[in-house]
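Everything below concerns the one structure shown next.
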Amino acid sequence: GALLIPSTLFLAIAWWGYRNAQIEALATAARASELAYRQAERTIAAAVEVARHVDAATRSDDDDALRAQEEQLHRRLQDMTVGLPWVVNLNVWDEEGHPLVWTESYPVRRAATVADRAYFIDQRRPEAGVGVSEVLIGRNSGHQITNVVLRRSSPDGAFRGVITVSMRPNTFGDYYRALAGDVPGLARFALVRTDGKPIAQWSGTPGADETLGPAWKEMQRRIAANEREGSLYAASSEGDERAAYASFRRVGDYPVYVAAEYGRSQMVAGW
């Protein structure tokens, strides 16, 4: 009795503590993904609002008339970016994928084109909503960007081109780094498109930024099933260093998700 009762009590308390540590790890990941969600939703919504203002300022049935006003529109679009350091540029493209006006320079290079870009092709679909591109190198700016894309339509719904708000992906990565500094144990953040392509990510494991964590395969399956949010635990064949408790959620109705992971090794250390 002197040995069995204390040992049993110790094991029971240890298991209870372990379960509580798991619950708290999932809760921490969920809180982190909520903060990442809010930042992404605010940023993308602001970009959409800017794109709509650009659409209103450049709405015309005659693109030649817009070309005649290019200098005036160039200055007006530049004014719209004031106070938005995460915006690289604003661009208006015609139905052939050639520029009508952009903030980067005046005048535009007429030969420039985005007709082959996936985001431009996708917006030809009448049902296309607000798009978010994969990470690209801007052909005009030379910077790494991700575009929020809004379709330009004629009154009868015909495709007239697109408006792009080019954002800096590190706007999200820098925020994730700051969050992780406030909450020890967070192992990874990611902002990913619904097709699985990452837009921005941060990892506490050196050299692991290039690949998403082991939780991503399970998240992909659940995203494909149209789950808007969820939590999970994912083990790793590489050992406990990449095993994690994760939480993910869709950012509004935009085609992107945020995910946050809390490392199992940190959970065990705390337990």
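Give the residue, chosen from A32, A21, A14, that is modelled with pLDDT under 90, touching a helix residue (DSSP H, G or I) at 6+ places or on another chain (Cβ under 7 Å) and in a helix (DSSP H, G or I). Don't jump to the end; show me each part of the working.
Numbers: A32 fails: modelled with pLDDT under 90; A14 fails: touching a helix residue (DSSP H, G or I) at 6+ places or on another chain (Cβ under 7 Å).
Just one listed residue meets the conditions, A21.
Based on this model, can you work out whether R151 counts as farther than 22 Å from W86 by Cβ, modelled with pLDDT of 95 or more and open to solvent by 10 Å² or more (accessible area, probe 1.4 Å)? I'd like the intermediate steps shown before the answer.
Numbers: farther than 22 Å from W86 by Cβ: yes; modelled with pLDDT of 95 or more: yes; open to solvent by 10 Å² or more (accessible area, probe 1.4 Å): yes.
So R151 fits the description; yes.
Of the residues that sit in segment 154-166 and are modelled with pLDDT of 95 or more and out of contact with any Asp or Glu (no Cβ under 8 Å at 6 or more places or on another chain), which one is nearest to M80 (Cα to Cα)?
Step by step, filter segment 154-166, then rank; the result is V165.
Could you please tell me which pairs satisfy a Cβ distance under 7 Å, a separation of 6+ or placement on different chains, a first residue in segment 76-87 that is free of Cβ contacts under 8 Å to residues at least 24 places away in the same chain and open to solvent by 70 Å² or more (accessible area, probe 1.4 Å), and a second residue that is small (G, A, S) and assigned to a helix (DSSP H, G or I)?
R76/A57
Inspect all residues belonging to segment 105-117 and state whether any of them is of a type in the set (D, E) and either farther than 22 Å from D195 by Cα or surrounded by 22 or more Cβ atoms within 10 Å (Cβ to Cβ) (or both). Before the answer, list the steps.
Step one: filter segment 105-117 for residues of a type in the set (D, E), giving 116.
Still in the list and also either farther than 22 Å from D195 by Cα or surrounded by 22 or more Cβ atoms within 10 Å (Cβ to Cβ) (or both): none.
Checked segment 105-117: no residue is of a type in the set (D, E) and either farther than 22 Å from D195 by Cα or surrounded by 22 or more Cβ atoms within 10 Å (Cβ to Cβ) (or both).
Among all residue pairs at least 6 apart or on different chains, which show Cβ distances below 8 Å where the first residue, located in segment 16-29, is under 15 Å from F189 (Cα atoms) and the second is open to solvent by 30 Å² or more (accessible area, probe 1.4 Å) and polar (S, T, N, Q)?
Every condition considered, the pairs that remain are A25/Q266; L26/S231; A29/S231.
Only one of A56, A40 is open to solvent by less than 30 Å² (accessible area, probe 1.4 Å), in a helix (DSSP H, G or I) and within 30 Å of R151 (Cβ to Cβ). Can you tell me which?
Working: A56 fails: open to solvent by less than 30 Å² (accessible area, probe 1.4 Å).
Only one candidate passes the filter, namely A40.
If you check every pair at least six apart or on different chains, which have Cβ atoms under 8 Å apart with a residue in segment 110-121 that is farther than 11 Å from S133 by Cα first and a residue that is assigned to a loop (DSSP other than H, G, I, E, B) and at pLDDT below 95 second?
A112/R139; A112/N140; V114/R139
The values are calculated or read from the model by the stated rules, or taken from the named source; none is laboratory data. Predicted model only: the values in this text are computed from it and were never measured. Note: ideal-geometry Cβ built from the backbone for every residue, glycine included; neighbour counts use all protein chains shown. Side chains included, ligands, DNA and RNA excluded: accessible areas come from the protein's heavy atoms. Shrake-Rupley method; radii C 1.70, N 1.55, O 1.52, S 1.80 Å.
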